[in-house]
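The values are calculated or read from the model by the stated rules, or taken from the named source; none is laboratory data. Just so we're clear, the structure is a prediction, and the values are computed from it rather than from any experiment. Neighbour counts are summed over all protein chains in view; Cβ atoms, including those assigned to glycine, are modelled from backbone coordinates with ideal geometry.
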Amino acid sequence: MLLAILIPVALAMAVYVAILLRAVIARKAWPRPEAIGLGAVVNFFDTFGIGSFAQTTAWLKFRKLVPDRLIPPTMIAGLTPPAMVESIIFLILLGVKVDPTLLFGGAIATGLGGIVGAPLVVRAKAWIVQMTVAIGLVLAGIAFLLAMAGAMPVGGTASSLRLGLTIVAIVLSFVLGLLANFGVGNYAPTLAILSLMGMDPHYCFPIMASGASLMGAGSSMRFIKVPELDLRIVVGLTLGGIPAVLVAALIVKSMNVDVLRYVITVVVFYTAIVMARAAMRGHREHKALGATAPLAAQ
């Protein structure tokens, strides 16, 4: 079951890297040093479950490195290879200890959710989804704080779940894959959900990382063919991200579980704040668009 996930991820990475290298050589796109540094920083913290999209978006917009409309494809194309490396590392180091049904089911469900959710983006208000997830993460963070204070069971030692919880976890993984199309990362929610169900936090990482890899593989191969895409940024994010992931993954593997719970709590609240800010910004933009729509029509 572990090989059933590991082999597709490794093959997808090999194919994508070959496509990326061919495009880079054809366009003579040498990586930008700034993008290498950005890729190293965001991917290092991404390995701890913090995610990388929000920070990368903020920097790309602040520095105006790429047009706004090209930020999502630039991020996905550049950050997917480090995510694949991250997935392979966690699968090898920790995946063998995880219930194979939960591991395989969660990863595949996340990937399928990403595919199914893609066409829904144009019909749904992203800010509503983001705010809903932010509220859910705040509630999860409060539950973590109560658990650490001894007010509720802390769990966090299991490598598998009961059948009912396994089914729930797989269904929720599909939902998180779907929500990824709205800019909602699957890392923090997956960590929160599985940890509160009683999973050892270490064993959440191969599930969420492999799911993210499968979700991003297909999109990256399409985005890399976009002529306007700045491959200097894409390659920089990749080259900076891969070594950072290698270092951070080893730290996560050996981190004390109690320390990791504190890290996860911080990650959950941080992600909730980032998500809420994105939702409020999206709501303001939606209202502004609605206010100017009649004038535009004239």
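Summary of computed values
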{"read-out": "Out of T57, T74, sole residue that is in a helix (DSSP H, G or I), within 17 Å of V235 (Cβ to Cβ), modelled with pLDDT under 90 and of a type in the set (S, T, N, Q)", "value": "T74"}
{"read-out": "Those residues of region 86-97 which are surrounded by fewer than 24 Cβ atoms within 10 Å (Cβ to Cβ) and in contact with a helix residue (DSSP H, G or I) (Cβ under 7 Å, 6 or more places away or on another chain), in sequence order", "value": "I88, I89, L93, L94, V96, K97"}
{"read-out": "Filtered residues of region 77-107 (kept if part of a helix (DSSP H, G or I) and among the β-branched types (V, I, T))", "value": "T80, V85, I88, I89, I92, V96, T101"}
{"read-out": "Candidates L289, L246, L260, L239, filtered to the one that is modelled with pLDDT of 85 or more and farther than 18 Å from T56 by Cα", "value": "L246"}
{"read-out": "Pair list, Cβ < 7 Å and 6+ apart or interchain, from region 9-29 residues that are under 30 Å from F104 (Cα atoms) and in contact (Cβ under 8 Å) with a residue 12 or more places away in the chain to residues that are assigned to a helix (DSSP H, G or I) and of a type in the set (G, A, S)", "value": "V9/S87; V9/S210; V9/S213; A12/A217; Y16/A217; Y16/S220"}
{"read-out": "Selection from region 1-43 of residues that are among the small types (G, A, S) and either surrounded by fewer than 20 Cβ atoms within 10 Å (Cβ to Cβ) or touching a strand residue (DSSP E or B) at 6+ places or on another chain (Cβ under 9 Å) (or both)", "value": "A4, A10, A14, A18, A23, A26, A29, G37"}
{"read-out": "So R32, is it free of Cβ contacts under 8 Å to residues at least 60 places away in the same chain and farther than 17 Å from T271 by Cβ", "value": "no"}
